[in-house]
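No value in this document is a laboratory result; all are computed from the given coordinates. Everything numeric here is computed off the predicted structure, so don't read it as measured data. In this analysis, Cβ positions are derived from the backbone assuming ideal geometry, glycine residues included, and neighbour counts consider all displayed protein chains.
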Amino acid sequence: MKLNLSPAPHVHTNQSTRTLMRNVLIALLPCAVAGVGFFGFNALMVLVVSTFSAVAAEYLWQAATRQKVRVGDLSAAVTGLILGLNLPATAPLWMVAIGSAFAVVIVKGLFGGLGDNFVNPALAARAMLLASWPQYMTRWYAPAGLAAVDAVTTATPLSNPGGFTTLQLILGSIPGSVGEVCKIAILLGFAWMLYTKTVTWRIPVVMVASTAVFSLAFGNNPLTAVLSGGLLFGAVFMATDYATCPMTAVGQIVYAALAGLLVAVIRKFSDYPEGVTYAILLMNVASPVIDHFITRRVYGHGKEAKNG
Amino acid sequence: MANNRTFRGGVHPLHEAHEGKSPTSGVATRDFNAKAVSIMMGMHLGAPSTPCVQPGDHVKLGQVIGEPVGFLGLPVHASVSGEVLEVGPVQSVNNPAAMAVTIKNDFKDEWVELHPLGDVETCPVDQIVPAIKAAGICGMGGAAFPTHVKFAVKEGQYCDTIILNGAECETHLTCDHRLMLEKSGRIVDGLRAAMRALNVKRGVIAIEDNKPDAIEAMTKAAQGRNGVEVMPLQTKYPQGGEKQLIHVVTGREVPTKKLPLDVHVIVLNVGTAYAIADAVIEGKPLVSRITTITGKVKKPSNLRIRVGTRVEDLIAECGGFSMDREHVGKIVLGGAMTGFPAPTTRVPLAKANNGVVVYCAKESVEPEETPCIRCGRCVDACPIGLVPFKLKFMCEADDMQAASANNIMDCVVCGSCSYICPAHRVLTSAFKAMKDKIAAEAKKGKG
Amino acid sequence: MAKWNDSPLFRLALAACAALVAATNAVNGLTLGLATGCVLVLSGAVAALLDNFIADEKGRVVLFMVISAVFAGIAQMIVKAVCGGTAAALGIYLPMIAVNCLLLARPADENGVGPAVSDGVKQALGFICLVTLLGALRELMDVGTVFGAQVLPKGLQLTAMAALPAGGLLLLGLLAGLANLIKPKRSGKEDEAA
Amino acid sequence: MTRTLLFLVSCVFTQNFVFARLLGSSALFDEDRRVETALGLGLVTAVIMTLASVGCWALDRYALTPMKAEYLRVLAYVAVSLIAAVLVGLCLKAAFPKLNDALNEAGMLIAVNCAALGVALLNAEAGYGIADAALHGLFGGLGFMLAITLMAGVQERIKYSHIPEPMKGLPITLISASLMALAFMGFMGIA
């Protein structure tokens, strides 16, 4: 009888990185299905290419740098799928593959792999694609079910507010990126992640609320501001990325509030109709500074230590 | 009754399996007298005692077989009457050569001459602490800190509350639970003795609300005893930790690098209080305790065992392994969160060992350590408010300055972070190693 | 110049980083490289000559900066006269040489004019090659030409990001990483001796 | 009022001195600079840049233009920014000696002068009046402060990341700066 002498604790939670990532993938499915439903076969190809090229890029990177290949933890698949859902269905597939590779190798791999990156890989890749090929990134399909093959440049709710009824905004029968249009699918995914405790409510709720408040302050209709563009998708799936948001609860609230402010400012003043990508990226960059200043009080430290 | 008394952080290990306690929480305690015991000299925190018997001597139950050494020294008593077989090193849980006295049990249980002090409410106050030292009593919760030293209140210090730790937040263990059900009166006696010895007005017995029957029993026993109250707490690990108990019961926080006495509180395990009552009322030394034997054994049970009983005898008493011997993966002395893995079944139990848990091979396979995804679950779980994943990076980089600057010395090594980590990273034992290293460095620097 | 990493490679990359905004195509890169190189060598020589007057380190940096400002002013006029178009394209980054070439130089060593000039020339050549290479690569990726000559098929635009500072920084970072990969990074001290 | 606000956003974000104009980028490469020091250095740089802007404007207005000595502009501006840096350095030495040592560190000294000279030249090129020049100096300095503070935070964040050996040090800082520049591009087109 060979006794195992590994140290305490001897029991572990049954959650693992793989189960967490699997929960996120499940949460993303409704958005993917809705996206393909609205934008047809091209959208499906975009999602498939983005997910598989992310996984392939991670596999090659880890093999090339002689690390243990951990593609099984599904983190590359999540990054790929989220990036795919962030792109218009008209996106050329070679561009999608480059975006996924950039996300997995440059933004994550070069910094040391899972958990070591300081900005959200999918978001950085989307920003890189927008900077490199703006012409491909701003062509939107009019949603016409599976038949939608011809790329027609129509205005999105952001570039022509008021052009769509609120119901359309919610159902998602509006032009936009593959994953961000159907709000119900996003909320379904959010509910699943809350139920499986994959993410906390703090960041998405505070970010959406703050965007609404500041949009109102800047004179936009808060409801359309919340329901249009990538806000809901960004707040639920991208701002809550573990490695890139602050560690403490208060820090996360400050992070989400500032992100909401930035979304409103960018949408109001800058050329880009969509501010969510840059707002979250900027807050990812600022999150280490937030973590530096907003820390938890350690038991027995500070003035409360003596008599409670 | 909704009970919101709890602390920040913490985890719920094996919550779905009633903290792994269901097999033994309803099983009454029964005595078990092994055929031989190996009583170790270093069962308490502090220098091990020196044996004062030779092989061949005949010893009575309760006879001193080890003289105390140093300030933290405690006498060691024979837990059975019989003939001394051997005085030499034995394999213990964390020390391959622990000096021990092995005694063959003659099952007569012939007590040595005892000097009881009488009833706890009327006995002379100044003799209580010497009696505790003479009885060789140390913390039974797991720390094994000599109780008489804990009671040594320096001048300028005072104690206004004694907390009895009945939380038993560890998994699998039900020894305190059974003790509170079966010996509630004697526990309150022990608490009263301690309160009188230190002139303390308030005694609080803290019990987690997953043991309602124990709460009821102790409340009934505490009726009419002045200054004694029972406080139910929310079930969450590590509620039984000294710092967490003090914070929840009195609202005070022990300042860093300080002791509970600096916030005028002393924390005792219910088992220790019971031992104090034995020492005061019947003059008996600490020779036996209740231990939970559970996990992959045929008949999981709570046994009142003699100090020094070997693991193999305990398992035999519980009907042996409930599976093929080869499939046993791990035998842990203590609960799943802080227990020590036993290298062999010949390891004897010490005063502070409150459980023996047998795991099958599948349960004891260490999950592979994968990269940290910075999910922050360990930060939420840490009851002390540290940032475990960052400390782990510092331990990996062997950066002692950074680790101390980030308060690693405040870590109470409770295991919550390693338990909750989805990437199964080895955190708690890395912090333990780093803490020992920093302590050794400090001692070397000072020495 | 204590804690700051002192290997020539580090200083080279730093100076190139400061020139990224201007060096968006090969021509700009080359012009800027040449101008900076000349200013560096001349300032290094003059500074070495005047060295024994100023003892402390900070004073020597100030001296070097003033001298290089003079030469930078002269260089600006020459470039404006020779190729006005490029001078306009470089914008304020041409006069910025006054400060940027300080990144390349090491005015702290006191061992006379000879080594100062040779070190200056070595750094200048390195800088010219690096900045021109960067300019060429970014031009290739942005508009598909190098020194104006059409390399890639017309209309095929690799990535517009290369012309932006973000793209430049990324490219320089990858190049620096590659350099470390090919010539494993020796510790700071060793570089000093090389 | 909103014009100044938009000017602020433009100087701090769109045309950030470190990430967009890459003036003073050598300040980014100090791995173990604490976030608090970066904040202090940023404020000091903002003051120096404002002083330099006003000084250079005055020099231009009252000395260079009347004497039609544009060719001396570079030398004059370098001199003014040096004086500004030395002046601020002196009063800093008394108040915050530790900050002063950080300021006089190699990379930082060059970065500050680079930024001061840069803002002065930009003012001249854009033909700003005294008010706009001063504002440009101040807002540019705040952008500089934000950049080096965020970079100090990021350095602290990736300190324990498992960065591949050849990428350690300068290359990874360049990549980080590139990602941060990407994030700052969100404000393209504001003023």
Amide proton proximity set for B:Ser288, modelled H, under 5 Å, gap of 5+: B:Val307
Other protein chain Cβ atoms within 10 Å, averaged over every residue that makes up A:124-133: 6
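Taking the Cβ of B:Glu312 as the center, what net charge do the other residues with Cβ under 12 Å away carry, scoring Lys and Arg +1 and Asp and Glu -1?
So the environment of B:Glu312 carries a net charge of +2.
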Residue of B:Val248, B:Val267, B:Val112 that the Gaussian network model of chain B assigns the largest fluctuation, springs spanning Cα pairs under 10 Å: B:Val112
Averaged over D:11-21, number of beta-carbon atoms from partner chains that fall within 10 Å: 2
Rg over Rh [alpha-carbon atoms, Kirkwood Rh] for segment B:116-282: 0.93
Area projected by the alpha carbon convex hull of segment A:17-293, averaged over all directions, nm²: 13.2 nm²
Per-residue HN-Hα couplings for segment C:17-25 [Karplus 6.51, -1.76, 1.60; θ = phi - 60°; Hz; x = Gly/Pro]: 4, 5, 9, 4, 5, 7, 7, 8, 9
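For chain B, what's the relative contact order in percent, using C-alpha pairs closer than 8 Å and at least 6 residues apart?
Here the relative contact order equals 19 percent.
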Label-reachable residues, segment B:294-332, where backbone N falls under 13 Å from a point 7 Å from B:Lys60's Cα toward its Cβ: none
B:Val11 long-range amide H proximity, modeled H, under 5 Å: B:Tyr237
Chain A: calculated mean residue ellipticity at 222 nm from DSSP helix runs of at least 4, using -39500 (n - 2.57): -17500 deg cm²/dmol
Convex hull volume per residue for segment A:1-82, taking Cα atoms only, in Å³: 133 Å³
Per-residue average of Cβ from other chains inside 10 Å of B:338-346: 3
Chain D: Cα Rg divided by the 2.2 N^0.38 Å rule of thumb: 1.05
Diffusion coefficient, µm² s⁻¹, Stokes-Einstein with Kirkwood Rh over alpha-carbon pairs of chain B at 25 °C and 0.890 mPa s: 109 µm²/s
Whole-number D in µm² s⁻¹ for segment B:32-105, Kirkwood Cα-pair radius fed into Stokes-Einstein, 37 °C, 0.692 mPa s: 270 µm²/s
Mean Cα-pair separation over length for segment B:288-360, i.e. relative contact order, pairs under 8 Å, 6 or more apart, %: 41 percent
All aspartates and glutamates inside 12 Å of D:Lys168 as judged from Cα atoms, apart from same-chain residues fewer than 8 positions distant: D:Glu31
Whole-Å distance, taken between Cα centres, linking segment B:65-103 and segment B:272-289: 19 Å
Ratio of the Cα radius of gyration of the protein assembly as shown to 2.2 N^0.38 Å, where N counts its residues: 1.13
Backbone HN-Hα couplings from phi across segment B:184-200 [Karplus 6.51/-1.76/1.60, Hz, Gly and Pro as x]: 4, x, 5, 5, 5, 4, x, 4, 4, 4, 5, 5, 5, 4, 9, 6, 9
Relative exposure of D:His136, B:His264, B:His44, judged by other C-beta atoms within 10 Å (fewest first): B:His264, D:His136, B:His44
In order through segment B:203-215: 3J(HN,Hα) via Karplus (6.51 cos²θ - 1.76 cosθ + 1.60), integer Hz, x for Gly, Pro: x, 10, 9, 9, 9, 6, 7, 8, 10, x, 5, 5, 4
Restraint check, B:Lys35/B:Lys284; C:Lys58/D:Lys159; C:Lys122/D:Lys98; B:Lys21/B:Lys296; B:Lys444/D:Lys98; B:Lys257/B:Lys446, Cα-Cα greater than 24 Å: C:Lys58/D:Lys159; C:Lys122/D:Lys98; B:Lys444/D:Lys98
